[in-house]
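Taking it in order: structure first as structure tokens, then the write-up.
The values are calculated or read from the model by the stated rules, or taken from the named source; none is laboratory data. None of the values given here were measured: they were computed from a predicted structure. Please note: Cβ atoms are built from the backbone with ideal geometry, for glycine as well, and neighbour counts cover all protein chains shown. SASA here: full protein model, heavy atoms, side chains in, ligands and nucleic acids out. Shrake-Rupley method; radii C 1.70, N 1.55, O 1.52, S 1.80 Å.
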Number of protein chains: 2
Amino acid sequence: MTRQPMTRRAFVRTCATGVSTFAAASVMAKRSPAAQRRRPNIVLIVADDHGRGDLGCYGNPVIRTPNLDKLADEGVRFTHAFCTTASCSASRSVILSGLYNHYNGQYGHQHAYHHFASFDSVRSLPVLLSQAGYRTARIGKYHVAPDAVYQFDTVLQGNDRNAVQMADNCRPFLNAQDEKPFFLYFCTSDPHRGGGRAANLPHRPDRFGNREQGYWGVTEVKYDPKEVIVPDFLPDTPECRAELAQYCQAVSRIDQGMGRFVEHLKTSGKHDNTVLIYISDNGIAFPGAKTTVYEPGLNLPCIVRTPWQRNKGIACDALVNWADLTPTILDFAGATPADYEFHGRSFKPVLEREHVEDWDTTYASHTFHEITMYYPMRVVRERRFKLIWNIAHGLDYPFASDLWESATWQGTINSGRKLYGKRTVDAYLHRPKFELYDLQNDPHEVKNLADDPQYKDRLDAMKEKLRIFQKQTKDPWILKWNYE
Amino acid sequence: MTRQPMTRRAFVRTCATGVSTFAAASVMAKRSPAAQRRRPNIVLIVADDHGRGDLGCYGNPVIRTPNLDKLADEGVRFTHAFCTTASCSASRSVILSGLYNHYNGQYGHQHAYHHFASFDSVRSLPVLLSQAGYRTARIGKYHVAPDAVYQFDTVLQGNDRNAVQMADNCRPFLNAQDEKPFFLYFCTSDPHRGGGRAANLPHRPDRFGNREQGYWGVTEVKYDPKEVIVPDFLPDTPECRAELAQYCQAVSRIDQGMGRFVEHLKTSGKHDNTVLIYISDNGIAFPGAKTTVYEPGLNLPCIVRTPWQRNKGIACDALVNWADLTPTILDFAGATPADYEFHGRSFKPVLEREHVEDWDTTYASHTFHEITMYYPMRVVRERRFKLIWNIAHGLDYPFASDLWESATWQGTINSGRKLYGKRTVDAYLHRPKFELYDLQNDPHEVKNLADDPQYKDRLDAMKEKLRIFQKQTKDPWILKWNYE
């Protein structure tokens with residue numbers, strides 16, 4: 001079975017013919033009162049701009065993430081988990097709605113003058129869980145709107161740069177004597193850029209939230225720029241290394257918070273009935289990852305630890321994406337609504353499997369980051385091939401203000417270097433209408449096959465697959481196939 | 001004095017130096033109870049896509065608009081009145097807020113998946129008037145959001161394609177025995193495109209709301225395609241003539257509604273204390289006008305009839321724009337808030353003058369029409385020269401779905417004709433970064449002087465003027481001067 005994104009209409013049509021890939025998940029589970037009591041607690045942890053390569057358990061030999069690695073040892077980590085847009089606000093709305101942005105209305109940033117918001121018709125994860133009898137709370141970064149759509153029962157306070165403090169502040173919620181299971185949405189602002197430039201350090205890297213005075217309860221882990229791992233998509237320059245060292249420090253801060261959180265969960269006596277999911281909203285905040293649809297932007301950490309995992313510590317290769325999260329969590333909760341459809345589907349059934357055949361396609365739909373950054377892209381990504389449609393390819397590729405100003409990018413353009421990672425600066429800035437990559441032979445997505453006659457049939461087939469995806473998910477930008 | 005768009009900060013700064021161009025308008029008028037009773041009623045009539053050339057009083061010898069002509073005979077008509085964006089929803093938010101769209105947040109269409117809305121911080125005309133003791137009501141097209149920002153006390157019902165019925169339905173509001181003055185916002189959906197194609201007519205023109213069975217109370221005025229006036233910016237083709245005939249019929253329907261409305265106003269006994277303002281939201285719904293920043297898109301009818309006009313029937317040449325409407329109407333009402341600034345200023349002081357020296361610049365700021373139509377343009381237009389900055393000039397010029405499908409446009413592209421009005425089809429679709437026109441010698445804006453070395457100083461000066469405007473009005477797109 002291939003991934004079949006479905007609209008409600010498509011779903012109804014499918015049901016009418018008696019063939020539904022969604023049927024199992026679309027009927028509200030009927031449970032006995034005893035079973036109701038066994039419904040698990042669920043904690044969804046969302047880091048901010050944490051790349052897939054920057055965890056010990058995902059193969060990084062330098063970064064120190066022992067608590068996240070332990071989570072992976074006890075659960076399953078996904079090697080092919082993807083956001084559907086590499087932009088904080090938009091991605092978080094997909095996580096909480098199970099719908100691509102072109103259909104949920106959160107086309108870009110929510111805050112300040114960007115001012116995007118989801119449609120009132122969206123039924124979000126916390127609201128559905130609350131309706132199903134869950135206690136719901138959130139702590140830390142939110143970045144979606146409107147409140148009524150993404151309503152949580154409780155909003156916990158805490159410094160979102162200090163996951164240790166956040167963990168501590170969750171204790172009353174974790175310990176509450178309440179028969180209801182809980183859903184906790186725990187979102188750090190680490191390791192996002194922020195806090196200005198570290199003027200005292202060589203190359204004036206962004207601080208990534210790190211402070212001279214540190215944070216209460218956190219033992220800061222500092223990194224030597226010489227030792228950090230520079231991924232292939234970034235330039236191995238002093239500026240970039242200086243920034244990566246700051247970034248890694250912020251990641252280690254999250255990790256300590258995760259350690260503290262699990263301690264509190266154990267103390268509460270609920271650890272054995274709690275599902276923990278760790279993800280990031282999008283890739284690392286460097287040009288080449290965040291805001292792009294290249295692999296470093298979309299391919300992210302995803303660790304799922306349930307108390308019932310039998311095949312502990314496995315890596316699962318299913319292509320899952322963030323539109324699947326809401327259906328998956330509702331599946332855990334037995335709270336899948338009968339009368340409402342998502343674009344994603346539950347990946348709970350694959351948690352014990354390493355190699356999965358029927359999860360072999362993912363889609364991405366990116367339109368804005370900041371309101372001034374219109375650059376709609378639509379993507380179909382299979383195991384080997386990936387097609388990107390740059391709808392506004394006539395524009396230079398836009399920059400988020402913080403990425404533009406970064407020491408890494410400014411260092412590149414000021415030096416006049418032609419390469420940025422494996423890609424040329426020119427190719428980064430000026431993109432063709434279609435990009436087709438063979439990820440097996442070209443994992444860095446630098447050799448565009450879209451104009452290669454040998455790949456014409458594949459190109460056409462993937463275009464058609466993309467068009468069907470857009471039609472099924474009611475993408476307003478589908479008209480761009482016909483006219484501007 | 002040249003137009004000085006000001007932010008609140010700029011205003012405070014100016015005040016601090018003791019020099020305020022806004023001082024007179026910025027102090028809430030203190031009036032005696034007797035004076036309060038004399039505050040005028042105000043009716044703002046907004047037509048939908050009615051071009052400046054399509055009224056008898058603006059020189060069209062074919063179209064029949066006797067009631068609007070009479071309004072102009074008794075008042076003043078502006079020859080240089082401009083919307084600031086030629087897009088319904090966005091323009092209406094400027095009309096009701098006195099703020100350019102890049103600052104009020106209504107960057108594009110409000111309805112359906114376009115989903116733009118103004119910021120909650122906007123203080124709109126109806127809310128300010130209501131706070132000042134006016135009864136406020138609206139009837140017909142609305143197209144702005146959120147409701148709380150653009151709140152009217154009363155929403156009257158009526159078919160917005162039938163201005164006669166709308167006029168009748170306003171009677172209870174006009175006749176109410178209430179000491180308070182009133183503000184009525186009267187918006188037709190005529191002469192917008194709509195109602196499908198007239199399949200029974202040659203060239204299958206859009207119906208522009210016209211129906212076989214007509215409308216209750218309306219004597220339809222029909223036009224012979226052979227006789228309509230084809231403006232220079234449109235192609236003189238059978239398709240275009242067929243559509244213009246439909247369009248003119250819809251305009252005449254509005255005119256009848258205006259006649260009926262004035263009758264009711266007279267019957268109510270309030271005609272002698274009522275200000276009537278007639279405008280359109282943007283230019284005619286044909287490629288070349290609506291959605292563009294060319295003159296036919298921006299330069300619109302504006303008739304102001306007060307009971308106190310001494311120089312009746314004059315034409316005033318002040319360059320006013322729709323950001324001036326809210327300050328002007330508040331000035332009529334003596335309700336200008338002391339603690340809040342608009343981008344526009346009251347043009348009430350010029351109503352008795354034909355030639356005005358100190359209203360010599362207007363600006364336009366367009367970003368979206370539909371959400372899929374990102375094409376930010378910023379414009380400074382003086383009496384003679386006009387500069388357009390096409391920020392996303394790398395894109396083909398986008399089309400509203402109804403303009404793309406129009407018989408006029410499809411007729412043009414299917415015929416393979418290279419000209420569309422005075423402009424080439426190619427020039428219409430592909431625009432340079434800057435367009436500089438000498439409107440005196442080139443009223444149709446076809447000879448771009450931006451690359452002519454003779455005009456370099458003028459180009460630079462107008463760019464600087466535009467940048468200052470953007471800075472003062474806090475335009476997020478100002479960053480595009482520096483990087484994408």
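Determine which single condition B:ARG417 fails, assuming it passes every other condition in (1) open to solvent by 70 Å² or more (accessible area, probe 1.4 Å); (2) farther than 29 Å from A:HIS369 by Cβ; (3) in contact with a Gly (Cβ under 9 Å, 6 or more places away or on another chain); (4) within 14 Å of another protein chain (Cβ to nearest Cβ).
(4)
Among the listed residues B:LEU265, B:LEU244, which satisfies the condition of being outside any loop (DSSP other than H, G, I, E, B), surrounded by 21 or more Cβ atoms within 10 Å (Cβ to Cβ), at pLDDT 95 or above and touching a His at 6+ places or on another chain (Cβ under 6 Å)?
Details: B:LEU244 fails: touching a His at 6+ places or on another chain (Cβ under 6 Å).
Just a single option satisfies the conditions, and that option is B:LEU265.
Considering only residues of region B:462-481 that are under 25 Å from B:LEU449 (Cα atoms) and within 9 Å of another protein chain (Cβ to nearest Cβ), which is surrounded by the most Cβ atoms within 10 Å (Cβ to Cβ)?
Among them, the one singled out is B:TRP477.
Can you give me the ranges of the strands (runs of 3 or more DSSP E) entirely in region B:354-467 with at least 1 residues that are touching a residue at least 60 places away in the same chain (Cβ under 8 Å)? Don't jump to the end; show me each part of the working.
Working: elements: B:361-366, B:377-382, B:385-390, B:434-438.
Output list reads B:361-366, B:377-382, B:385-390.
Taking the condition of a type in the set (D, E, K, R), open to solvent by less than 20 Å² (accessible area, probe 1.4 Å) and assigned to a helix (DSSP H, G or I), does B:ASP255 pass? I'd like the intermediate steps shown before the answer.
Details: of a type in the set (D, E, K, R): yes; open to solvent by less than 20 Å² (accessible area, probe 1.4 Å): yes; assigned to a helix (DSSP H, G or I): yes.
Taking the combined requirement at face value, the residue satisfies it.
Restricting attention to region A:132-141, and to residues there that are part of a loop (DSSP other than H, G, I, E, B) and touching a strand residue (DSSP E or B) at 6+ places or on another chain (Cβ under 7 Å), which single residue is least open to solvent (accessible area, probe 1.4 Å)?
Filtering region A:132-141 for residues that are part of a loop (DSSP other than H, G, I, E, B) and touching a strand residue (DSSP E or B) at 6+ places or on another chain (Cβ under 7 Å), the one least open to solvent (accessible area, probe 1.4 Å) comes out as A:TYR134.
Does region B:393-408 hold any residues that are open to solvent by less than 50 Å² (accessible area, probe 1.4 Å) and within 10 Å of chain A (Cβ to nearest Cβ), and which are they?
Step one: filter region B:393-408 for residues open to solvent by less than 50 Å² (accessible area, probe 1.4 Å), giving B:394-395, B:397-403, B:406-408.
Those that are open to solvent by less than 50 Å² (accessible area, probe 1.4 Å) and within 10 Å of chain A (Cβ to nearest Cβ): B:GLY394, B:LEU395, B:TYR397, B:PRO398, B:PHE399, B:SER401.
Being over 21 Å from B:ASN414 (Cβ atoms) and touching a Gly at 6+ places or on another chain (Cβ under 8 Å) is the filter here, so list the residues in region B:219-244 that pass it.
Start the filter on region B:219-244 by keeping residues that are over 21 Å from B:ASN414 (Cβ atoms), which leaves B:219-224, B:226-229, B:231-232.
Result: B:GLU220, B:ILE229, B:PRO231, B:ASP232.
Please go through region B:317-353 and give me each residue that is among the basic types (Lys, Arg) and assigned to a loop (DSSP other than H, G, I, E, B), ordered by number. Give the derivation first.
Within region B:317-353, the first condition is being among the basic types (Lys, Arg), and the residues that meet it are B:345, B:348, B:353.
Answer for region B:317-353, where residues must be among the basic types (Lys, Arg) and assigned to a loop (DSSP other than H, G, I, E, B): B:ARG345, B:ARG353.
Taking only pairs six or more apart or across chains, which ones have beta-carbon atoms under 6 Å, a first residue in region B:115-135 that is within 14 Å of another protein chain (Cβ to nearest Cβ), and a second residue that is among the aromatic types (Phe, Trp, Tyr)?
Final answer for the pair search is B:PHE116/B:TYR107.
Can you name the residue in region B:332-380 that is among the basic types (Lys, Arg) and within 23 Å of B:ASN101 (Cβ to Cβ) and is also farthest from the other protein chains (Cβ to nearest Cβ) among such residues?
Step one: filter region B:332-380 for residues among the basic types (Lys, Arg), giving B:345, B:348, B:353, B:378.
Then keep just the ones that are within 23 Å of B:ASN101 (Cβ to Cβ); that gives B:345, B:378.
Numbers: B:ARG345: 24, B:ARG378: 13 Å.
Looking at residues that are among the basic types (Lys, Arg) and within 23 Å of B:ASN101 (Cβ to Cβ), I get B:ARG345.
Output the helices (runs of 4 or more DSSP H) that fall wholly within region B:29-106 and possess 2 or more residues being modelled with pLDDT of 95 or more and open to solvent by 10 Å² or more (accessible area, probe 1.4 Å), or say none.
B:66-74
Only one residue in B:PHE173, B:PHE182, B:PHE208, B:PHE186 is among the hydrophobic types (A, V, I, L, M, F, W, C), open to solvent by less than 10 Å² (accessible area, probe 1.4 Å) and farther than 26 Å from B:SER87 by Cα, so which one is that? It would help to see each step written out before you state the result.
Numbers: B:PHE173 fails: open to solvent by less than 10 Å² (accessible area, probe 1.4 Å); B:PHE208 fails: farther than 26 Å from B:SER87 by Cα; B:PHE186 fails: farther than 26 Å from B:SER87 by Cα.
Selected residue: B:PHE182, the only one of B:PHE173, B:PHE182, B:PHE208, B:PHE186 that is among the hydrophobic types (A, V, I, L, M, F, W, C), open to solvent by less than 10 Å² (accessible area, probe 1.4 Å) and farther than 26 Å from B:SER87 by Cα.
If I ask for residues that are under 15 Å from A:GLU354 (Cβ atoms) and assigned to a loop (DSSP other than H, G, I, E, B), which ones from region A:302-316 would you list?
A:GLN309, A:ARG310, A:ASN311, A:LYS312, A:GLY313
Among the residues of region B:313-341, write down those that are open to solvent by 10 Å² or more (accessible area, probe 1.4 Å), in contact with a Leu (Cβ under 7 Å, 6 or more places away or on another chain) and among the hydrophobic types (A, V, I, L, M, F, W, C).
Within region B:313-341, no residue meets the criteria.
With of a type in the set (A, V, I, L, M, F, W, C), touching a strand residue (DSSP E or B) at 6+ places or on another chain (Cβ under 9 Å) and assigned to a loop (DSSP other than H, G, I, E, B) as the only criterion, which of A:PHE152, A:PHE173 stands out? Break it down stepwise before answering.
Details: A:PHE173 fails: assigned to a loop (DSSP other than H, G, I, E, B).
Selected residue: A:PHE152, the only one of A:PHE152, A:PHE173 that is of a type in the set (A, V, I, L, M, F, W, C), touching a strand residue (DSSP E or B) at 6+ places or on another chain (Cβ under 9 Å) and assigned to a loop (DSSP other than H, G, I, E, B).
Taking B:VAL155 as meeting all but one of (1) open to solvent by less than 50 Å² (accessible area, probe 1.4 Å); (2) more than 19 Å from B:ALA285 (Cβ to Cβ); (3) of a type in the set (A, V, I, L, M), write down the number of the exception.
(1)
Kindly indicate whether B:PHE385 is in contact with a Pro (Cβ under 6 Å, 6 or more places away or on another chain) and more than 14 Å from chain A (Cβ to nearest Cβ). Even if it seems obvious, please write down each step before you answer.
Numbers: in contact with a Pro (Cβ under 6 Å, 6 or more places away or on another chain): no; more than 14 Å from chain A (Cβ to nearest Cβ): yes.
When the stated conditions are applied, B:PHE385 does not pass them.
Keeping to region B:323-381, report how many residues are aliphatic (A, V, I, L, M) and out of contact with any helix residue (DSSP H, G or I) (no Cβ under 7 Å at 6 or more places or on another chain). Don't jump to the end; show me each part of the working.
Of the residues in region B:323-381, the ones aliphatic (A, V, I, L, M) are B:323, B:325, B:329-330, B:333, B:335, B:338, B:350-351, B:356, B:364, B:371, B:373, B:377, B:379-380.
The next check asks that each one be out of contact with any helix residue (DSSP H, G or I) (no Cβ under 7 Å at 6 or more places or on another chain); those that pass are B:350-351, B:373, B:377, B:379.
Total meeting the criteria: 5.
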